[in-house]
Structure formats: structure tokens, C-alpha cells
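Taking it in order: structure first as C-alpha cells, then the write-up.
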Amino acid sequence: MKCTQKNCEQETTLSYVWPGNDVPSLVCEHHARQARGVAEAMGFPLVILPIEVIPVLEESVGERRTRRALVTLSVAGHRMLVCQTVVRIAPS
Ligand SMILES: [Zn+2]
């Protein structure tokens, strides 16, 4: 899964919740560091948590194969579902 920041092609491995947002941002390491820098400059800490992508179902439509996956993160030992995503599987 790609980083959700504009024009970023890096893999998403981390998430944070920006104050005032209900939905976690899913980003690469670079953009997580950048967000933390902005937060620190504004004077508040930003909690950054690693996400885990759990594949649940493979589907194929013609030549196109995709994998449905759940994006989760662990908070205080509890696994939270963030969203569902569909990842395209490259032809082997
Ligand atoms: Zn990024």
C-alpha cells in the first residue's frame, strides 16, 4: 500500500492521528518524520504507530488479481481496524 501523501511512492508503514482528525493518516517513514517535526515545532507530541496490513482474501477478475487486506494498528495491546484496502498483485 502506498503512502497517502501526494506524489509519494513509498510503502505505508506508519500512522498517526493529527489533532482534530478522526481518521489516522497512513504514511511512509519519511512523511511520519516530517509530521512529527511539524508537531514538535507547534509544541505538541505526535504519537506515531506502526500499522500492520493483514491479507484476507484473494480475488481475480480475468487477468487482474487483487488481494483484499485489512489495515490495522495496535494501541495498548488492542488491535484496531483502520480501513480496508485492495492491493493489486503483480502477475508472476
Ligand atoms: Zn510518504
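Run the lone-cysteine check on the chain: no other Cys C-beta under 4.7 Å from the residue's C-beta.
When partners are defined as cysteine Cβ atoms under 4.7 Å apart, the chain leaves CYS83 without one.
Could you compute the net charge surrounding GLU9? Neighbours are other residues with a C-beta less than 15 Å from the C-beta of GLU9; K and R count +1, D and E count -1.
Here the charged neighbours net out to +1.
GluC sites (Glu not before Pro), restricted to the chain: which are DSSP loop and have at most 13 other Cβ atoms within 10 Å?
Passing sites in the chain are GLU9, GLU63.
Given charges of +1 on the Cβ of Lys and Arg and -1 on the Cβ of Asp and Glu, with all other atoms neutral, how large is the dipole of the chain about its Cα centre, in debye to the nearest 20?
120
Quick check: residue separation of VAL47 and VAL61 times 0.36 nm, minus the Cα distance between them. What number comes out in nm?
Fully extending the segment from VAL47 to VAL61 adds 1.1 nm.
Let me check against my output: what whole-number percent is the relative contact order of region 14-89, with C-alpha pairs under 8 Å and at least 6 apart?
23
Once both axes come from the Cα atoms, what is the angle between helix 29-42 and the longest principal axis of the chain, in degrees from 0 to 90, rounded to 10?
Here the helix axis deviates by roughly 20 degrees.
Compute the Kirkwood hydrodynamic radius of region 14-89, taking the inverse of the mean of 1/r over all pairs of distinct Cα atoms, and give it in Å to one decimal.
Roughly 14.0 Å, rounded to one decimal.
Using label points projected 7 Å from each Cα along Cα→Cβ, tell me how many nm separate LYS2 and ALA76, to one decimal.
Here the answer is 3.6 nm between the modelled labels.
Of VAL82, VAL17, VAL53, which is the most mobile in a GNM of the chain whose springs link Cα atoms less than 10 angstrom apart?
Ranking VAL82, VAL17, VAL53 by mean-square fluctuation puts VAL17 first.
With a cut-off of 13 Å, note down the residues of region 25-59 whose backbone N falls inside the zone around a label point 7 Å from the Cα of CYS83 toward its beta carbon.
Answer for this model: 25-28.
Throughout, read-outs are computed from the coordinates displayed, never taken from laboratory work. Keep in mind that what you see is a predicted model, and the values were worked out from it rather than measured. All Cβ positions, even for glycine, are placed from backbone atoms using ideal geometry, and neighbour counts span all protein chains on display.
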